[in-house]
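The values are calculated or read from the model by the stated rules, or taken from the named source; none is laboratory data. Bear in mind the structure is a predicted one, so any value in this text is a computation, not a measurement. So basically every Cβ, Gly included, is an ideal-geometry build from the backbone, and we count neighbours across all protein chains shown.
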Amino acid sequence: MCNLRIAVQKSGRLNQDSMKILKDIGISIDNGKDQLKAAARDFPVEVFYLRNGDIPQYLKDGVVDAAIIGENVLIEKGDDIEFVERLGFSKCKVSIAVPKDSEANSLKDLAGKRIATSYPETVKKFLNKQNINAQLHKINGSVEIAPNIGLAEGICDIVSSGSTLFKNGLKEIEVLLKSEAVLAVSPKISEERRAILQKIQFRIQSVLKGRN
Ligand code: PRP
Ligand code: MG
């Protein structure tokens, strides 16, 4: 019998809640630190611990069959990867922010300006939709520092509690999208593995119902 290969975030904000939901649906995993792959004890599932940004490509290639991942990452990578379930955790926004004293009130006001972001494809999509030209600077982390060091007039990043914006003297001016963790599926999943995924999905649905 084959195993369903599920990717989860190796470390970061989704990791703990991802492991918790697997545990709640009865999938227990013995995974030592630094182990990048682990089999479940009591279910035909293997868990792969991967970097967030790499997961869409693995799904696309069919190297993993499913993944617990932020919807925002799927949108950024734009590979039309589908998800079958919203998981109700890791809720966040992807927002545009500017320095508190800036006169900009929306994305439009950043026309001709520089925007620093880890989500260039997402921002590009919104700029194109509204026919706005702006200069994008891709940074991989600590995006909120960009206006303070003169790198950009605005930023686009994830907002969860809002604390990072506040601490860096920034204000949110536009929410591009809202996101949460989802159960995504590879377009190349086999019938046999899809049947395992369906079982997992049913279990997730009942756990989520219980949580509400
Ligand atoms: C993430 C994100 C924001 C912040 C949002 O950064 O990039 O900066 O969290 O959360 P908050 O609204 O609750 O403050 P993270 O701390 O993961 O670090 P990184 O940007 O350097 O990857
Ligand atoms: Mg950050």
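Selection of region 1-59 for residues being more than 16 Å from ligand 1 (Cβ to nearest atom), of a type in the set (S, T, N, Q) and modelled with pLDDT under 90 yields S28, N31, Q35. Tell me, yes or no, whether region 188-200 has at least one residue that is touching a residue at least 12 places away in the same chain (Cβ under 8 Å), more than 16 Å from ligand 2 (Cβ to nearest atom), closer than 30 Å to I115 by Cβ and not in a strand (DSSP E or B). The answer is no, given that none of the residues of region 188-200 is touching a residue at least 12 places away in the same chain (Cβ under 8 Å), more than 16 Å from ligand 2 (Cβ to nearest atom), closer than 30 Å to I115 by Cβ and not in a strand (DSSP E or B).
Comparison of I68, I115 shows that the only residue that is out of contact with any Lys or Arg (no Cβ under 9 Å at 6 or more places or on another chain) and under 22 Å from G154 (Cβ atoms) is I115. Of all residues in region 60-84, those being assigned to a loop (DSSP other than H, G, I, E, B) and either of a type in the set (F, W, Y) or in contact with a strand residue (DSSP E or B) (Cβ under 7 Å, 6 or more places away or on another chain) (or both) number 3.
Residues that are assigned to a loop (DSSP other than H, G, I, E, B), in contact with a Ser or Thr (Cβ under 9 Å, 6 or more places away or on another chain) and of a type in the set (D, E, K, R) within region 5-50 comprise R13, R41, D42, listed in sequence order. Only one entry in G53, G62, G12 is over 14 Å from the mean Cα position of the chain (by Cα) and more than 12 Å from L183 (Cα to Cα), namely G62.
Restricting attention to region 104-136, the residues that are within 16 Å of ligand 2 (Cβ to nearest atom) and within 17 Å of the chain's Cα centre (by Cα) total 6. Residue pairs whose Cβ atoms lie under 6 Å apart, sitting 6 or more positions apart in sequence or on different chains, and linking a residue in region 161-177 that is modelled with pLDDT under 95 to a partner that is of a type outside the set (D, E) and surrounded by fewer than 17 Cβ atoms within 10 Å (Cβ to Cβ), do not occur here.
Closer than 30 Å to R193 by Cα and of a type outside the set (F, W, Y): does that describe G62? The answer is yes for G62.
Counting residues in region 137-156 that are more than 23 Å from the chain's Cα centre (by Cα), away from ligand 2 (no atom under 16 Å from the Cβ) and not β-branched (V, I, T) gives one or more.
Of all the residues in region 52-84, those that are under 25 Å from S161 (Cα atoms) and surrounded by fewer than 15 Cβ atoms within 10 Å (Cβ to Cβ) number 1.
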